[in-house]
Structure formats: structure tokens, C-alpha cells
Amino acid sequence: MIILENQLKVFFVLVVVILSQFSESAYGEPSVLVQSVQMPAWLQRNSGRQPLAVGMQLENNDRLITGINSRVLLKSADGSSVKLGENATMTISNLSQRRDNQPLFTALLTVTKGAFRFTTAALAKFVPRDITIHVARATIGIRGTDVWGKDGDDKGIVCLIEGNISVTGESNNNFSMDRPLSFYEMPKTLAAKPVDMVDPDQLKKWALETEITKENGATVTNGKWSVVLLKASNQTEALAAYDTWRSAGYTVRIVPIMQDGSYELRISQLPSHSEANSLAKSLTGLLGATAPVAVR
């Protein structure tokens, strides 16, 4: 009995710590940060478009766009994570960390193409939040849960992995989903189907569509490795390559080589030699990168 009481005390202390940290974050911490990017991916802000990069702080009305075989991982101030799969488009709006002078994380995520996953960490479920996700023909109300969804070519899907969500479906049909592995399917040319249970193997396949897996060359915070894409003999050539790669959705930088006055074009923030080497191999032959190499 004493052990149980001590465990409960530790649990509530952790909850208080998380809530206090969120209360502090409501006074200036970034609402949403880009934590990992498997390129190519872009950030569209106002009328400008640039490659999406690790460490970027996202703002209201930012639109994220991913390319072929791309993945993105975002972390929000309430302790949740948002993952995007390839060929996806998502707009973020209604970002706020306070309401009526009280801590409350709010966000509206509008997924108009591709797959996403929204996950709240176990202890962070106690943080006050009001998050809505639009996907396909459904509107999802979230307080703290794990949900996967997709706006595909032929249908939209909402799948509850854990927790509970409120859903507004076709014809303003309101209902709740609270059974793990339940899903709601919305064919593009037919009426939405009743909520059903998904096979666990199918869920694993869906989850892979948004997961950043090893050996795919995703950039991360504090990554120490780089890929040298190409060498340019002069600044004009280097800047031209820089613009080309950035337009293609890759976060690159120019590094001057003092010994011979040349320039290297690099992708940085890779977490390991194996990840950098995997990225180098995958980019060989792309946009003038004839022999990319991993360096530290």
C-alpha cells in the first residue's frame, strides 16, 4: 500500500511539473517546432516558399508540403507530435497558447492531401488543449489521443489508435470514437461508411506511411553529420546550385573551401554516418550531385 501511495505521489509530481512547464511555455516558447525532416519538403509562408528545415518555428497560416518519400516530424508546445507522410499538404492555423488569460494550447490542422499522425505523450495528456483536425470530409476534435488519418486519391480515413475523439462527418453527422483501432472511411464518390474495426496488420502499413524510419537520411536537431553534394569552382556556380536545390525542397548550405577557393554544397544535421551515407546514395545523380559523400 505504501509503495502504491509513493507511486501515485511521483505520478502527480510529474503531472504538476508538466503543467507548470506548459504554463511557462505559454509566455513565449514556440508553439510548433520542426524536429525532423526527410526531404524534399517545403514551407509556404505568405507568398514565399522555402525548403522546410529542422528548427523552424511554425506560425499561423503556414502550409507544409512534402514530396516523394518525404516525412516530417513536428513537436508542439503542449507535448504532442505531428507526423506527415509523403506527397502531403497541411496548413496550420488558430495557434495560441492562452485563452482568457489561462494556459490553453489551440491549433487547427487542415490536411488537404496525404497522411498524418497526431500523438499526445502519456503525461502530456493532462495539459489543457483544444485541437481540431480537418481531413477529407471529417472534422476531428482532440483533447489528448493517438490518431492517424489520410486524405487519399480515392478515399479519406480517420483511424483512432488510442484515446477518444469527436468527429463531425458527412451532413454534419456528429459522433464519438473511443474504441482503439476503430476507423471511419470516406470514399470520394460514395457515402461515408459506418465506423468499423481495422486489422492490426493494416494499421501497421498505414503507420509506416508517416513514420521516419532508419537509413532514410532524415535531418534532426543537433545532427553532426553532413552530405557534400557537389563542389563549385566559383561563387556564381555555387549560388546557382544552392537555388536549384532549395527550389527542389532540400535545405542546403554553401561552405567555402579556403585551400583552393572552391565551394561545397552541403546538407547538414544528419544524426549519424550511416544516415548521411544513405542520403548520399539516394541523391547520387540528382541535380548535378554526381558523387555525394558523407562527412563530419
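Residue-wise HN-Hα couplings along the stretch 278-295, as the Karplus relation 6.51 cos²θ - 1.76 cosθ + 1.60 with θ = phi - 60° gives them from phi, are 5, 5, 4, 5, 5, 9, 4, x, 8, 6, x, 7, 6, 8, x, 9, 7, 9 Hz; Gly and Pro carry x.
If each Cα of the stretch 26-134 is one equal point scatterer, what is log10 of I(q)/I(0) from the Debye formula at q = 0.09, 0.18, 0.19 Å⁻¹? The Debye formula, applied to the Cα set alone, gives -0.21, -0.84, -0.94. Loop-located GluC sites (Glu not before Pro) across the stretch 188-224 with a Cβ neighbour count of 11 or fewer within 10 Å are lacking, with loop assigned by DSSP.
Under a model in which nothing but the beta-carbon of Lys, Arg (+1) and Asp, Glu (-1) is charged, the stretch 175-285 shows a dipole of about 140 debye around its Cα centre. The distance separating the Cα centre of the stretch 31-109 from that of the stretch 173-251 comes to 12 Å. Karplus-based coupling profile of the stretch 219-236, in residue order and whole Hz: 7, 9, 4, 6, x, 9, 9, 9, 10, 7, 6, 6, 10, 10, 7, 8, 5, 4, with θ = phi - 60° in 6.51 cos²θ - 1.76 cosθ + 1.60 and x standing for Gly or Pro. Note on the chain: with a GNM built from Cα contacts shorter than 10 Å, the maximum mean-square fluctuation among LEU160, LEU73, LEU104 falls on LEU104.
Computed on protein heavy atoms with a 1.4 Å probe, the accessible areas place LEU208, LEU52 in the order LEU208, LEU52, largest first. Candidate values (i) 68, 54, 38; (ii) 87, 58, 49; (iii) 54, 39, 36 were compared with Cα extents along the principal axes in Å computed on the shown model; the agreeing label is (i). Note on LEU286 and SER262: with the Förster distance fixed at 22 Å, the Cβ-Cβ geometry gives a FRET efficiency of about 0.60. Here LYS231 is the anchor, and the lysines within straight C-alpha reach of less than 28 Å, apart from those fewer than 8 places off in the same chain, are LYS214, LYS281.
Of the residues VAL147, ALA294, VAL135, the one whose Cα sits farthest toward the positive end of the charge dipole of the chain, with +1 on the Cβ of Lys and Arg and -1 on the Cβ of Asp and Glu, is ALA294. Basic side chains Lys and Arg get +1 at the Cβ, acidic Asp and Glu get -1 at the Cβ, and with that the dipole of the chain about its Cα centre reaches some 280 debye.
The values are calculated or read from the model by the stated rules, or taken from the named source; none is laboratory data. Note that the structure is a prediction, hence the values are computed from the model and not measured. Glycine gets a Cβ as well: all are built from the backbone with ideal geometry, and neighbour counts include every protein chain shown. To get the accessible areas, we keep the full protein, side chains included, count just its heavy atoms, and leave off ligands, DNA and RNA. Shrake-Rupley method; radii C 1.70, N 1.55, O 1.52, S 1.80 Å.
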